[in-house]
């Protein structure tokens, strides 16, 4: 064999960071050792895997073609290593979750998963749908849990569970007394919603089909709690997953509204890179998520 796994690890780390120094830090290597490993890989096969743009290294066509194959091989090697040293059958797992899932579901899922697999090491990354998809696509995450729908040829999307959005307002808002809203009400309201690129915003836009271009978007915020606080302050009405609003509805700091003629249901999904090797950890995580959902955690 004319390459080493360490050379492939260096290649993947540089591809992720676009910088040899940061890649070396991730792998606990010196910068010179990382540079040498990458140079030896390229020289051995007489290829150039990156375009050098100042201090930044950007994958070229040959590098892009190698990346998924190298990532799949490293995943298999890590799985083999875990088996050989007889540690946990799970090992390390890098999970990405969108904001609603990450803040309201993933922590409980992680706690239950680590209780079942005490030796497992789970790293959770919480961002919006487009950011999680990008990291799965770049092999920075093993698996993503997302709210939005994706059509990307490199990613495999599979159904996980259902979810539903809820419209809400402050108790002092005029809509709080009527609760049932017509399209005229929806158009008259000032809305505080999630930012473009989030799964919640995608579902909101779909729910507003036909009138979306005419609604009054007063604020677009990235954080769920910020939207709830802004609505409580009377700045407008909002629309978020019911998962995020249970406690606020119970303590009556927010009031649920209904537009029964519109569809507010959506789905949560798992996303994987199509060339990602399905380790025991990934398969166990997906099975656990489905089992937890069935037990209504």
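The values are calculated or read from the model by the stated rules, or taken from the named source; none is laboratory data. Being a predicted model, the structure only gives us computed values, none of them experimental. Cβ sites come from the backbone with ideal geometry, for glycine too, and all protein chains shown count toward neighbours.
Just wondering, is there one or more residues in the stretch 213-220 that are surrounded by 13 or more Cβ atoms within 10 Å (Cβ to Cβ) and touching a residue at least 40 places away in the same chain (Cβ under 8 Å)?
Within the stretch 213-220 (the criterion being surrounded by 13 or more Cβ atoms within 10 Å (Cβ to Cβ) and touching a residue at least 40 places away in the same chain (Cβ under 8 Å)), the answer is no, since none of the residues qualifies.
Give me a count of the residues in the stretch 184-200 that are within 28 Å of the chain's Cα centre (by Cα) and in contact (Cβ under 8 Å) with a residue 40 or more places away in the chain.
Residues of the stretch 184-200 that are within 28 Å of the chain's Cα centre (by Cα), as a first pass: 191-200.
Now drop any that are not in contact (Cβ under 8 Å) with a residue 40 or more places away in the chain, which leaves 191-195, 197-200.
Selection size over the stretch 184-200: 9.
Determine if the stretch 257-264 includes at least one residue that is over 11 Å from residue 143 (Cα atoms), at pLDDT 85 or above and either assigned to a helix (DSSP H, G or I) or within 20 Å of the chain's Cα centre (by Cα) (or both).
Looking through the stretch 257-264, none of the residues is over 11 Å from residue 143 (Cα atoms), at pLDDT 85 or above and either assigned to a helix (DSSP H, G or I) or within 20 Å of the chain's Cα centre (by Cα) (or both).
Would you check if residue 99 is within 26 Å of the chain's Cα centre (by Cα) and surrounded by 20 or more Cβ atoms within 10 Å (Cβ to Cβ)? Walk me through it before giving the result.
On the way: within 26 Å of the chain's Cα centre (by Cα): yes; surrounded by 20 or more Cβ atoms within 10 Å (Cβ to Cβ): yes.
Yes.
Taking residue 181 and the conditions (1) farther than 30 Å from residue 16 by Cβ; (2) free of Cβ contacts under 8 Å to residues at least 40 places away in the same chain; (3) more than 20 Å from the chain's Cα centre (by Cα), which numbered condition does it fall short on, given that it satisfies the others?
(2)
Within the stretch 240-247, can one find any residue that is assigned to a loop (DSSP other than H, G, I, E, B) and touching a residue at least 12 places away in the same chain (Cβ under 8 Å)?
yes
If you go through the stretch 276-294, how many residues are out of contact with any strand residue (DSSP E or B) (no Cβ under 8 Å at 6 or more places or on another chain), at pLDDT below 90 and assigned to a helix (DSSP H, G or I)?
4
Yes or no: residue 268 in a strand (DSSP E or B), in contact with a helix residue (DSSP H, G or I) (Cβ under 9 Å, 6 or more places away or on another chain) and surrounded by 13 or more Cβ atoms within 10 Å (Cβ to Cβ)?
Judged against the criteria, residue 268 is a match.
State whether the residues of the stretch 26-45 include one that is out of contact with any helix residue (DSSP H, G or I) (no Cβ under 6 Å at 6 or more places or on another chain), closer than 21 Å to residue 136 by Cα and outside any helix (DSSP H, G or I).
no
Taking the condition of being in a loop (DSSP other than H, G, I, E, B) and either surrounded by fewer than 11 Cβ atoms within 10 Å (Cβ to Cβ) or under 26 Å from the mean Cα position of the chain (by Cα) (or both), how many residues in the stretch 202-212 meet it?
Selection size over the stretch 202-212: 3.
Which residue, of 5, 49, is in contact with a helix residue (DSSP H, G or I) (Cβ under 6 Å, 6 or more places away or on another chain), over 23 Å from residue 132 (Cβ atoms) and in contact (Cβ under 8 Å) with a residue 40 or more places away in the chain?
5
Being in the same structural domain as residue 275 (by TED's automatic domain parsing) and at pLDDT 90 or above narrows it down to one residue among 63, 96; which is it?
Residue meeting the stated conditions: 96.
Test of understanding: among 219, 272, 240, which residue is at pLDDT 95 or above, touching a strand residue (DSSP E or B) at 6+ places or on another chain (Cβ under 9 Å) and assigned by TED's automatic domain parsing to the domain that holds residue 149?
None of the other options fit; the residue is 272.
Taking residue 13 as the residue in question, decide whether it is more than 28 Å from residue 292 (Cβ to Cβ) and within 22 Å of the chain's Cα centre (by Cα). Spell out how you get there, then give the answer.
On the way: more than 28 Å from residue 292 (Cβ to Cβ): yes; within 22 Å of the chain's Cα centre (by Cα): yes.
Judged against the criteria, residue 13 is a match.
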